[in-house]
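Working notes for the structure below.
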Amino acid sequence: MAKYIFVTGGVTSSLGKGIIAASLAKLLQARGLRVTIQKFDPYINVDPGTLNPYEHGECYVTEDGAETDLDLGHYERFLNIYTSQANNVTTGRIYQTVINKEREGAFLGKTVQVVPHITDEIKRRMKLLGQTGEFDVVITELGGTVGDIESLPFVESVRQLQWELPEEDTVVVHLTLIPYLKAAKELKTKPTQHSVRMLSEEGVHPDIIVCRTERSLSPELKRKIALFCNVKPEAVIEAADASTIYEVPVLMMREGLDTIVLKKLNLTATREPELSKWKQFLDKLKYPKGKVSIGLVGKYIELQDAYKSILESFIHAGAMNECQVQVHNVHSEYITADNVAEKLAGLDGLLVAPGFGHRGVEGKIMAVRCARENKLPFFGICLGMQMAAIEFARNVLGKELANSTEMDPQTPHPVIDLMDEQKKVTAKGGTMRLGAYPCHIVKGSLAHRIYGQEQIKERHRHRWEFNNKYLDDFEKAGMMASGKNPATGLVEIIELTEHPFFIGVQYHPELKSTVENPQPLFVEFIKASLQHAENRLTPSAARAASLR
Ligand code: GLN
């Protein structure tokens, strides 16, 4: 039987519940326990797949093709395990299941209600992963903030589960904020007291209180929080601001979060947390030997969460290369033929981001051209890869009006076209080509050198694809398809043969980069960009490289 840890949030959103949950999971995993994390979101969308990135940040896609909350990305990056559809549940999905059952007649004769029908479905899903026998501990992060109307059924479900299960099988961790009032020169505990009281009124009493704070909590203050929130002093954990999210597991270990959780769950771990690899990574991250400037071209760049996995992949790849990756945001909508060179000046590498719709695509195409012509390391992801194909068709193959039918349905040269199986699809939710598919890599290609193997599997989220009618023309002119889906021939990777590093991928490699396994395309892209920086600074090295 698995044990269940619930993580709730109080006072305000954006306290980093996902990072605390992932850090606790990391510590328990590092002690030899089998851990997974799941997130329950109180919104009514069935999944975040139809949400605008401005609303909800990036949509993270799992191996099994679920469109999920970006916190699942943190879980995978921290734990180096795969999550799945079962790890992310929304109110919408719960109601959909219950309503479908009602239509099938499963509750015939009964009035279907929030309690017990919705809460029963929430509880069933909360226990699902725990019942597989694969995990010793299941951490459930409850989205939203305690006190929200929409999170009530989730808190009620936690209350019922605590009542149903043996006492030592559940623990509730409440994450709150201890604000510092400059005028009073004081840390204030009242919001925390209120939030714990609210949670208690809903029937759940936290066992552990994790306090986000900008200043260190004195022992007296911890005692005060403990007394008024009715927990033991050692159950008040300080979560000070960290320089990087990857430091949080180490901070939590110092505060004894894992120890107190184990005690409450009556679990005896076989060892102290084994974090030597993690700490090596942290060292490289915190003390880089060099730096590299990468341009991130996208249209959602005002919102960093929109490109979360890409930014984290840069961090992993930077540590591997012992350098700091400085990401410069380039808004694709504001790139013009006149300013593109200026906007990309001083960069050592260019990543053109995924996206949907026509806004900003011409800017992306201009940026690709600049990278291609100036031999700037280039990495295109999904829409970024499609833009690289369009740029090549227009400026190398001379097909000036080449486009994707997503942007111009009437284009005479649809080098990117809607996938056949997508042509009859009208519903928007969960209908893209989603999740992991195999890709076969051509021996001797750049992709082959990077991956070091011919068979890979990467995750997808798209409707359009490279139009194979044009492949011959592309390959004759120097852009090869170095990776394809073995079953359908769908082009997964394109690369330029006469360029130091120019690669575009139809899939999303950023979704599989973890601290322990940085994604190889990112690692090599950063390496190529470092090389570019070196050549830029020492022109003689560049000459030597070009003669080689
Ligand atoms: N809009 C493009 C498509 O659907 C690219 C999608 C993406 O970048 N994820 O094919």
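Annotations for the structure displayed:
- Scanning the range 370-385 for residues being surrounded by 24 or more Cβ atoms within 10 Å (Cβ to Cβ), in a helix (DSSP H, G or I) and away from the ligand (no atom under 12 Å from the Cβ) gives a total of 1.
- Check on Tyr507, part of a loop (DSSP other than H, G, I, E, B), within 29 Å of the chain's Cα centre (by Cα) and within 15 Å of the ligand (Cβ to nearest atom): yes
- Flag for Ala447 being farther than 21 Å from Phe378 by Cα, away from the ligand (no atom under 12 Å from the Cβ) and of a type outside the set (S, T, N, Q): no
- Sole residue being of a type in the set (A, V, I, L, M, F, W, C), in contact with an Asp or Glu (Cβ under 6 Å, 6 or more places away or on another chain), surrounded by 13 or more Cβ atoms within 10 Å (Cβ to Cβ) and outside any loop (DSSP other than H, G, I, E, B), chosen from Val196, Val172, Val158: Val172
- Within the range 233-255, tally of residues that are touching a helix residue (DSSP H, G or I) at 6+ places or on another chain (Cβ under 7 Å), without any contact (Cβ under 8 Å) to a residue 24 or more places away in the chain and either of a type in the set (Phe, Trp, Tyr) or more than 22 Å from His316 (Cα to Cα) (or both): 1
- Residue count for the range 471-486 under the criterion of being in a helix (DSSP H, G or I) and crowded, with 21+ Cβ neighbours inside 10 Å: the result is 1.
- Pair list, Cβ < 8 Å and 6+ apart or interchain, from the range 396-413 residues that are in a loop (DSSP other than H, G, I, E, B) to residues that are basic (Lys, Arg) and away from the ligand (no atom under 14 Å from the Cβ): Glu400/Arg394; Leu401/Arg394; Ala402/Arg394; Pro412/Lys399; His413/Lys399
- Taking the listed residues Ala388, Ala367, Ala427, the one that is surrounded by 24 or more Cβ atoms within 10 Å (Cβ to Cβ) and away from the ligand (no atom under 13 Å from the Cβ) is Ala367, with no other qualifying.
- If only residues of the range 391-415 that are hydrophobic (A, V, I, L, M, F, W, C) and away from the ligand (no atom under 11 Å from the Cβ) are counted, the one that is farthest from Asp338 (Cα to Cα) is Val415.
- For the range 294-301, the count of residues that are out of contact with any His (no Cβ under 8 Å at 6 or more places or on another chain), under 26 Å from Leu70 (Cα atoms) and in a loop (DSSP other than H, G, I, E, B) is at least one.
- Inspection of the range 322-339 finds a residue satisfying the criterion of being farther than 17 Å from Glu524 by Cα and without any contact (Cβ under 8 Å) to a residue 12 or more places away in the chain.
- Every residue from the range 124-140 that is polar (S, T, N, Q) and either within 22 Å of the chain's Cα centre (by Cα) or in a loop (DSSP other than H, G, I, E, B) (or both): Thr140
- Contacts under 9 angstrom Cβ, first residue in the range 440-460 being in a helix (DSSP H, G or I), partner aromatic (Phe, Trp, Tyr), 6 or more apart: Leu446/Phe501; Leu446/Phe502; Ile450/Phe525
- Checking each residue in the range 3-35 for being in a loop (DSSP other than H, G, I, E, B), surrounded by 19 or more Cβ atoms within 10 Å (Cβ to Cβ) and touching a Phe, Trp or Tyr at 6+ places or on another chain (Cβ under 7 Å) picks out no residue at all.
- Applying the criterion of being of a type in the set (D, E, K, R) and either free of Cβ contacts under 8 Å to residues at least 12 places away in the same chain or not in a helix (DSSP H, G or I) (or both) to the residues of the range 141-155, the residue that is farthest from Tyr75 (Cα to Cα) is Asp148.
- Residue check for Val442: more than 15 Å from the ligand (Cβ to nearest atom) and of a type outside the set (Gly, Ala, Ser): yes
- Entry remark, the range 36-72: residues being part of a strand (DSSP E or B), of a type outside the set (Ser, Thr, Tyr) and within 21 Å of Thr145 (Cβ to Cβ) number 5 in total.
- Any pair with Cβ under 9 angstrom, 6 or more apart, that starts in the range 476-495 at a residue that is modelled with pLDDT of 95 or more and ends at one that is in a loop (DSSP other than H, G, I, E, B) and among the acidic types (Asp, Glu): Gly478/Glu498
- Reported count of residues in the range 73-88, each being in a helix (DSSP H, G or I) and within 24 Å of Glu274 (Cα to Cα), is 7.
- For Gly357, the criteria (1) part of a loop (DSSP other than H, G, I, E, B); (2) of a type in the set (Gly, Ala, Ser); (3) modelled with pLDDT under 95; (4) away from the ligand (no atom under 16 Å from the Cβ) hold in every case but one, which is (4).
- Of the residues Lys457, Lys424, Lys375, the single one that is farther than 23 Å from Gln531 by Cβ, out of contact with any Leu (no Cβ under 9 Å at 6 or more places or on another chain), among the basic types (Lys, Arg) and modelled with pLDDT of 95 or more is Lys457.
- Qualifying residue in the range 83-104 (condition: farther than 23 Å from Gly429 by Cα and at pLDDT 95 or above): no
The values are calculated or read from the model by the stated rules, or taken from the named source; none is laboratory data. Please read all numbers here as calculations on a predicted model, not as lab measurements. In this analysis, Cβ positions are derived from the backbone assuming ideal geometry, glycine residues included, and neighbour counts consider all displayed protein chains.
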